[in-house]
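Q: Handing you this structure, nothing more for now.
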Amino acid sequence: MSLTFHWFLPTNGDSRHVVGGGHGAPVTAAGGDRPPTVGYLTQIARAAEHLGFVGALTPTGAWCEDAWLTTAMVSQNTERLKFLVAFRPGFVSPTLAAQMASTYQRQTGGRLLLNVVTGGESHEQRGYGDFLDKDARYARTGEFLSIVRDLWDGKTVDLAGEHLRVEDAKLTRLPDPVPQIYFGGSSPAAGQVAARHAEVYLTWGEPPAQVARKIAWIRSLAAEQGRTVRFGIRLHVITRDTSDQAWAEARRLLDGFDPETVRAVQTGLGRSESEGQQRMLALHGGSLDNLEIHPNLWAGIGLVRGGAGTALVGSHAEVAERIAEYHSVGIDEFVFSGYPHLEEAYWFGEGVLPLLRDRGLWSYPFRTSTQPPTVQARFATSGRP
């Protein structure tokens, strides 16, 4: 089985420095270095498409551009790349969301994937008019996905749930293919929703042993539902020709962190209701010391950014080895990002993917004569040893 790799569209802005944001953390000034214009995001999307990434994750929240609208525009400038659109089910009706997804599939040739984000921060949800508590939001998400899936199956839906109600709901045009559901969450309520509805369960980049325990948990819950689930992981990446070069880049990013900003961000993230966010914070404890928490796994990003806070750092061969390690515990899909996203896509795509291909862990996903060269051919043309 070939591993699947996705990249990230930084709709909160991009930079040669870490751009904060998410889970109550404000977007840092670096987010203005490269504004998230359709033109710039298209550059990243086209690079990812050429290099062999299957899709690109786009975040959701008040701190970034809207994912549905942005990816709909970028999709018209790409050909094969799928868009892993993060959306919050409490903000639109399930019937409208099902219709939007169906339209998206027809207008893009079936390139929509859905990352369902229940919403971990009540204060942000209230800004959108959502006043349910966390457990109630997960219960509503379950009802929402039940309605959407039935609509995509061509059923007429009548449901009077605890949180949602529809009568005689149906779609006149069905999505083809039906979008796959990606879902994450570390709480018991999240696990139940993932087990019933997700095709892919996403976790943030904890050390492999912790990831293995999460996988066992979700597998068990899914088995109780008579289902199987695939597993993915969300990480940043800093990969270079040598380990020293990669860690020098990590130190450069760390040197750019203002201590006062780190303190403010950590205070804000400490109030997060998200269990996944609290697990991210526990990896570094707000300290700038001892940030390599597992070989080649660096927790520095999480000092100034909410959500995914760890990065794979090392030579191309070391990063490939860590990917193989995560695969050995059950991870088949990887969602990567790096600062800046355009350049880091090339570092990873030209440096790591050929090594994984040589190990039989990855194959170029598109039928084209323009796929990236092998490691040997690239070195032969570049003159690098």
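The values are calculated or read from the model by the stated rules, or taken from the named source; none is laboratory data. As the structure is a prediction and not an experimental result, all values here were calculated from the model. No Cβ is skipped: glycine too gets one built from the backbone with ideal geometry, and neighbour counts run over all protein chains shown. Surface accessibility is based on the protein's heavy atoms, side chains included, excluding ligands, DNA and RNA. Shrake-Rupley method; radii C 1.70, N 1.55, O 1.52, S 1.80 Å.
Q: Filter region 30-72 down to residues that are of a type in the set (S, T, N, Q) and in contact with a helix residue (DSSP H, G or I) (Cβ under 8 Å, 6 or more places away or on another chain) and give me whichever is farthest from Leu342 (Cα to Cα).
A: Per the stated criteria, the residue is Thr60.
Q: With respect to the numbered conditions (1) more than 19 Å from the chain's Cα centre (by Cα); (2) among the hydroxyl-bearing types (Ser, Thr, Tyr); (3) closer than 24 Å to Gly349 by Cα, which one is the sole condition not fulfilled by Thr103?
A: Status for Thr103: all satisfied but (3).
Q: Oh, and also: Just checking: which of the strands (runs of 3 or more DSSP E) contained wholly in region 1-106 hold 2 or more residues that are at pLDDT below 95, charged (D, E, K, R) and surrounded by 21 or more Cβ atoms within 10 Å (Cβ to Cβ)?
A: Details: elements: 4-8, 55-58, 82-87.
Output list is empty.
Q: So, of the residues in region 330-345 that are of a type in the set (Phe, Trp, Tyr) and within 13 Å of His6 (Cα to Cα), which turns out to be surrounded by the fewest Cβ atoms within 10 Å (Cβ to Cβ)?
A: Step one: filter region 330-345 for residues of a type in the set (Phe, Trp, Tyr), giving 334, 336, 339.
Now restrict to residues that are within 13 Å of His6 (Cα to Cα): 334, 336.
On the way: Phe334: 23, Phe336: 29.
For region 330-345, the residue satisfying everything is Phe334.
Q: Among the residues of region 143-161, is any among the hydroxyl-bearing types (Ser, Thr, Tyr), under 21 Å from Arg230 (Cβ atoms) and open to solvent by 30 Å² or more (accessible area, probe 1.4 Å)? If you could, list the steps in order and put the result at the bottom.
A: Here is the first cut: in region 143-161, the residues among the hydroxyl-bearing types (Ser, Thr, Tyr) are 146, 156.
Next cut, under 21 Å from Arg230 (Cβ atoms) only: 146.
Narrowing further to those that are open to solvent by 30 Å² or more (accessible area, probe 1.4 Å): 146.
Scanning region 143-161, I find at least one residue that is among the hydroxyl-bearing types (Ser, Thr, Tyr), under 21 Å from Arg230 (Cβ atoms) and open to solvent by 30 Å² or more (accessible area, probe 1.4 Å), so the answer is yes.
Q: Here are Asp130, Asp135: which of them is over 21 Å from the mean Cα position of the chain (by Cα), charged (D, E, K, R) and more than 17 Å from His197 (Cβ to Cβ)?
A: Working: Asp135 fails: more than 17 Å from His197 (Cβ to Cβ).
On inspection, the qualifying residue turns out to be Asp130.
Q: Here is a further query. Within the set of pairs 6 or more residues apart or between chains, which connect a residue that is at pLDDT 95 or above and open to solvent by less than 10 Å² (accessible area, probe 1.4 Å) inside region 112-129 to a residue that is among the polar types (S, T, N, Q) and outside any loop (DSSP other than H, G, I, E, B) with Cβ atoms less than 6 Å apart?
A: From region 112-129, the pairs are Leu112/Gln105.
Q: Given the criteria of a type in the set (S, T, N, Q), open to solvent by 10 Å² or more (accessible area, probe 1.4 Å) and farther than 23 Å from Gly20 by Cα, does Ser315 qualify?
A: In short, yes.
Q: Sticking with this one: Which ranges mark the strands (runs of 3 or more DSSP E) fully within region 176-291 that have 1 or more residues being among the polar types (S, T, N, Q) and touching a residue at least 60 places away in the same chain (Cβ under 8 Å)?
A: Per the criteria, 200-204, 230-240.
Q: Applying the selection to region 114-173, what residues are on the phi > 0 side of the Ramachandran plot and out of contact with any strand residue (DSSP E or B) (no Cβ under 8 Å at 6 or more places or on another chain)?
A: Of everything in region 114-173, those that are on the phi > 0 side of the Ramachandran plot and out of contact with any strand residue (DSSP E or B) (no Cβ under 8 Å at 6 or more places or on another chain) turn out to be Gly119, Gly129, Gly154.
Q: Okay, next question. Among the residues in region 112-119, are any more than 20 Å from Gly22 (Cβ to Cβ) and either of a type in the set (D, E, K, R) or in contact with a helix residue (DSSP H, G or I) (Cβ under 9 Å, 6 or more places away or on another chain) (or both)?
A: Within region 112-119 (the criterion being more than 20 Å from Gly22 (Cβ to Cβ) and either of a type in the set (D, E, K, R) or in contact with a helix residue (DSSP H, G or I) (Cβ under 9 Å, 6 or more places away or on another chain) (or both)), the answer is yes, since at least one residue qualifies.
Q: Something else: Counting just the residues of region 176-194 that are open to solvent by less than 10 Å² (accessible area, probe 1.4 Å), more than 17 Å from the chain's Cα centre (by Cα) and modelled with pLDDT of 95 or more, which one comes out farthest from Thr118 (Cα to Cα)?
A: Per the stated criteria, the residue is Gly191.
Q: For region 366-385, name all the residues that are modelled with pLDDT of 60 or more and open to solvent by less than 60 Å² (accessible area, probe 1.4 Å).
A: Correct list: Phe366, Thr368.
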